[in-house]
Amino acid sequence: MQELIEELKGKIIETLYLEDVNPEDIDEKAPLVGGDLGIDSIDILELVMMLEQDYCVIIDNKELGEKVFASLEALAAYVSENSPKTAASKVGDE
C-alpha cells in the first residue's frame with residue numbers, strides 16, 4: 001500500500017502541476033480537498049480523470065468522491081480495492 005501511496009503522490013503533483021510541492025510534502029492523513037495543497041473541485045475532476053485513465057477506477061458520484069478524496073490514505077485504499085491493475089499485482093504478491 002505504501003508503494004501505491006508514493007505513486008499517487010507523484011501523480012497528484014504531475015496531474016495538478018503542483019510545482020512547489022514534493023512528494024514528502026503531502027501528508028497521507030490530511031484532507032486532500034481544502035487542505036494544505038489547495039485542491040479544489042476543479043482539481044478533483046482532473047484527479048478523477050487521471051484515476052480512470054491510469055487505474056481504471058470510476059468515481060461517479062459526489063458522496064463516493066467525498067469518501068475517496070478524504071485523504072491520500074483513503075484514495076490509495078479505494079484504488080487498491082477497486083482497480084483491476086492493483087488487483088492483478090496483489091495476486092502476484094500472494
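The values are calculated or read from the model by the stated rules, or taken from the named source; none is laboratory data. Owing to the predicted nature of the structure, the values given are computational and were not obtained by experimental measurement. As a convention, Cβ positions derive from the backbone with ideal geometry for all residues, glycine included, and neighbour counts pool all protein chains shown.
Kindly check whether there is at least one residue in segment 60-68 that is touching a helix residue (DSSP H, G or I) at 6+ places or on another chain (Cβ under 8 Å) and touching a residue at least 24 places away in the same chain (Cβ under 8 Å).
No, segment 60-68 has no match at all.
Among the residues of segment 40-57, how many are farther than 17 Å from Y78 by Cβ and in a loop (DSSP other than H, G, I, E, B)?
Qualifying residue count, segment 40-57: 1.
Search segment 25-50 for residues that are over 22 Å from M1 (Cβ atoms) and pair each with any residue that is in a helix (DSSP H, G or I) and of a type outside the set (A, V, I, L, M) when their beta-carbon atoms are under 6 Å apart and the residues are at least 6 apart or on different chains.
E46/T15
Are any residues in segment 59-86 in a loop (DSSP other than H, G, I, E, B) and surrounded by fewer than 12 Cβ atoms within 10 Å (Cβ to Cβ), and if so, which ones?
Matches in segment 59-86: D60, N61.
Yes/no per residue for (1) under 13 Å from the mean Cα position of the chain (by Cα); (2) at pLDDT below 95; (3) closer than 20 Å to Y78 by Cα:
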{"position": "E3", "(1), (2), (3)": "yes, no, yes"}
{"position": "K9", "(1), (2), (3)": "yes, no, yes"}
{"position": "I12", "(1), (2), (3)": "yes, no, yes"}
{"position": "E19", "(1), (2), (3)": "no, yes, no"}
{"position": "D25", "(1), (2), (3)": "no, yes, no"}
{"position": "P31", "(1), (2), (3)": "yes, yes, yes"}
{"position": "G35", "(1), (2), (3)": "no, yes, yes"}
{"position": "G38", "(1), (2), (3)": "no, yes, no"}
